[in-house]
1. Quick check on A:Lys217: is it within 17 Å of A:Ala196 (Cβ to Cβ), more than 10 Å from chain B (Cβ to nearest Cβ) and not aliphatic (A, V, I, L, M)?
2. Any idea which of B:Pro150, B:Pro104 is modelled with pLDDT under 95 and surrounded by fewer than 18 Cβ atoms within 10 Å (Cβ to Cβ)?
3. Condition first: part of a helix (DSSP H, G or I) and within 18 Å of B:Glu157 (Cα to Cα). Now tell me which residues in region B:85-122 satisfy that.
4. Determine, yes or no, whether A:Asp112 is touching a Gly at 6+ places or on another chain (Cβ under 8 Å) and surrounded by fewer than 20 Cβ atoms within 10 Å (Cβ to Cβ).
5. Tally the residues that are among the small types (Gly, Ala, Ser), at the interface with chain A (Cβ under 7 Å from one of its Cβ atoms) and surrounded by 14 or more Cβ atoms within 10 Å (Cβ to Cβ), restricting the search to region B:107-125.
6. Name the residue, out of A:Gly378, A:Gly322, that is surrounded by fewer than 18 Cβ atoms within 10 Å (Cβ to Cβ), modelled with pLDDT of 95 or more, touching a strand residue (DSSP E or B) at 6+ places or on another chain (Cβ under 9 Å) and under 27 Å from A:Gly247 (Cβ atoms).
7. Starting from residues that are touching a His at 6+ places or on another chain (Cβ under 9 Å), at the interface with chain B (Cβ under 9 Å from one of its Cβ atoms) and in a loop (DSSP other than H, G, I, E, B), keep the ones in region A:276-304 and report whichever is nearest to B:Asn129 (Cα to Cα).
8. Being surrounded by fewer than 24 Cβ atoms within 10 Å (Cβ to Cβ) and farther than 21 Å from B:Trp60 by Cα is true for just one of A:Ser194, A:Ser212, A:Ser264, A:Ser222. Which residue is that?
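The values are calculated or read from the model by the stated rules, or taken from the named source; none is laboratory data. Computed from a predicted model, the values in this text were never measured in an experiment. A quick note on method: Cβ atoms are made from the backbone with ideal geometry, for glycine too, and the neighbour counts reach across all protein chains shown.
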Amino acid sequence: MAGSQDDRSLTRRELLVSTATALSAATLLPADADQAALGTQPTEPVIPADPTKVPGPPTSAASARSPFVQMARTPTGATAGSSLAPIHLMNGTVTPSDLHFERHHAGVAMIDPARYKLMVHGLVDKPLVFTLDELKSFPSVTRVYFLECSGNGRAAYSAPKPELTPQLIDGLLGNAEWTGVPVRTVLREVGVRSDAAWALAEGGDAALLSRSVPLEKLMEDSLFVYAMNGEPLRPAAGYPVRLLNPGWEGNTCVKWLRRLELISQPNMSRDETSKYTDPLPNDTARQFSFVMDAKSTITYPTYPVQLARRGWVEIRGLAWSGRGRITSVDVSTDGGRTWTAAKLQEPVLDKALVRFTHSFQWNGQRTTIVSRAVDATGYVQPTLAEYRQVRGSGTNYHYNHLRAWTVEADGRVVYEVAP
Amino acid sequence: MSRAIAVLTLGASLVLACNSGGSGSADSSSARRGSVSPAPSEPASYALGRPPEPQEIAAWDLDVNPDGVGLPSGRATAIEGAAVYAAKCAICHGAKGEGVAPNPPIVGREPREGFGFGRDPALVKTVGNYWPYATTVYDYVRRAMPQDKPGSLTPNELYGVTAWILAENGIIARDIVIDSLSLPKIKMPARDRFVRDDRLTTPSFK
């Protein structure tokens, strides 16, 4: 019986099955052990009444979540679209790779690593083409950074309503351990000419997505990334290689990167002119607004949670800043009248998500809870009123105002549309 | 089955390795043996990669800059581009560029006065009222359009579609010839509305 299980787990079909099927297969009892329990729906996971009295499933090629855990992104099905990560269901700071947010402009490019190449050319002494293997042969670095779409937060600013989850507001956010080669290491090989000031990064997807990135950033800390959380990038994250500009808007972190052209002036591509620019109330639009400002959000308790009892509640949340380290997160449990410094979970990393916690005693009365991030540059996350005054009600992208949540007297928690 | 045995064998050897680990830990506090050198300094080159062939660069280096660099030869008017637009673009963007949900309009000049997008969330951005460079239209359409067949339009078709979009927005006349010389000279209505990021000049919110 064990032999037949092993055979089954090693077939090609088994290696190719969907996550859902793999989950079912992994949690099934051996096929002929308890056929009656499987009934007419063999894909239903079998949970024994007493797991201490029945051996569980054997080892498997890849593990799946418990069938009792429901975590999912919000795919819309659009070719050019995004799906938001369930950040309110997550703990710690590392985003599971299969739940990391997605944003594609022409679907997920599927690329054969054997045919992959990265061309670095333009204002350089010696243009070069690299294979994936060659990129991986450069000295590697591994770093933890957050990655965020600059459109994150749009739902709360443009269409606020009480029934908003942190996922729907700030789910275009992830935090991962990235491995790759510093861009400056590769630029050293090609020899950047003195008249180069920018580089056009271009993806190999069906949109040939392109962004101009200042050379200064590329020389500072940008990476050509090929691994995420210990495994090769997933296709939705840019397999086999993406650009990662730590702390900068996600759109500049071009996925499926195929070309880096050193140039003297920005290309003025669609995504740096008609998109990813920020209209301001003085009838201008801010362009090349790369850095993600300091931000924080409570992830628990939030909609749709209903507090079951009065007493101690641990407020939990995430804070991050593209300008540098988060130095403190203030939490208010009285609608912003008084504030307390939350506990930051170590280690607090530069340009990475930080988990904060703050316990308070809920006395059963209606109150509003809110968090406020401060970073190493002294930048303080603005209130909604400050944000609206400075950026305007019609602005786009970089929505980093405070997010507030109201605990109703019956324990229901809702997004506070008028803090 | 043979792979299964290999996996089982590997598993058994791992167990042995784990069990034998105890003896190794006994002298973990002993002296650091052997000489330890500093890491080697970075070489002048890692000798990776190869020079691209000229045709490799030509096949990929298709970006068009605001000064017109990158525009190929070819030419068309909006009148000529109308047929291309109707056949390949209108299904998603509407017969007059008015948009077909969820695709927003690409034609529209409101507001005629000012640039109130920051003040008024109801204003809809189009090529005519928001895009700062005409060359971006060509560059983007060549890259990404039509969405179901990107990269399929010829230079003349691209010039024609670009001309049609600009003419429909009231920026050029329908009989103007658009080519690598005339396209970069077109000044878009929103050209001077864009400012560089000034947020990092202060730790205060901007």
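1. Details: within 17 Å of A:Ala196 (Cβ to Cβ): yes; more than 10 Å from chain B (Cβ to nearest Cβ): yes; not aliphatic (A, V, I, L, M): yes.
Spelling it out, A:Lys217 is indeed within 17 Å of A:Ala196 (Cβ to Cβ), more than 10 Å from chain B (Cβ to nearest Cβ) and not aliphatic (A, V, I, L, M).
2. On the way: B:Pro150 fails: modelled with pLDDT under 95.
That would be B:Pro104, the only listed residue that is modelled with pLDDT under 95 and surrounded by fewer than 18 Cβ atoms within 10 Å (Cβ to Cβ).
3. Let us first name the residues in region B:85-122 that are part of a helix (DSSP H, G or I), namely B:85-88, B:90-93, B:116-118.
If the condition is that a residue be part of a helix (DSSP H, G or I) and within 18 Å of B:Glu157 (Cα to Cα), then B:Tyr85, B:Ala86, B:Ala87, B:Lys88, B:Ala90, B:Ile91, B:Cys92, B:His93 are the ones that fit.
4. On the way: touching a Gly at 6+ places or on another chain (Cβ under 8 Å): no; surrounded by fewer than 20 Cβ atoms within 10 Å (Cβ to Cβ): yes.
No.
5. Taking region B:107-125 first, the residues among the small types (Gly, Ala, Ser) are B:108, B:114, B:116, B:118, B:122.
Among the residues that remain, those that are also at the interface with chain A (Cβ under 7 Å from one of its Cβ atoms) are: B:114, B:116, B:118.
Those left that are additionally surrounded by 14 or more Cβ atoms within 10 Å (Cβ to Cβ): B:116, B:118.
Residues flagged as among the small types (Gly, Ala, Ser), at the interface with chain A (Cβ under 7 Å from one of its Cβ atoms) and surrounded by 14 or more Cβ atoms within 10 Å (Cβ to Cβ) within region B:107-125 amount to 2.
6. On the way: A:Gly322 fails: surrounded by fewer than 18 Cβ atoms within 10 Å (Cβ to Cβ).
When all the criteria are applied, what remains is A:Gly378.
7. If we take residues in region A:276-304 being touching a His at 6+ places or on another chain (Cβ under 9 Å), at the interface with chain B (Cβ under 9 Å from one of its Cβ atoms) and in a loop (DSSP other than H, G, I, E, B), then A:Ser289 is nearest to B:Asn129 (Cα to Cα).
8. Only one candidate passes the filter, namely A:Ser194.
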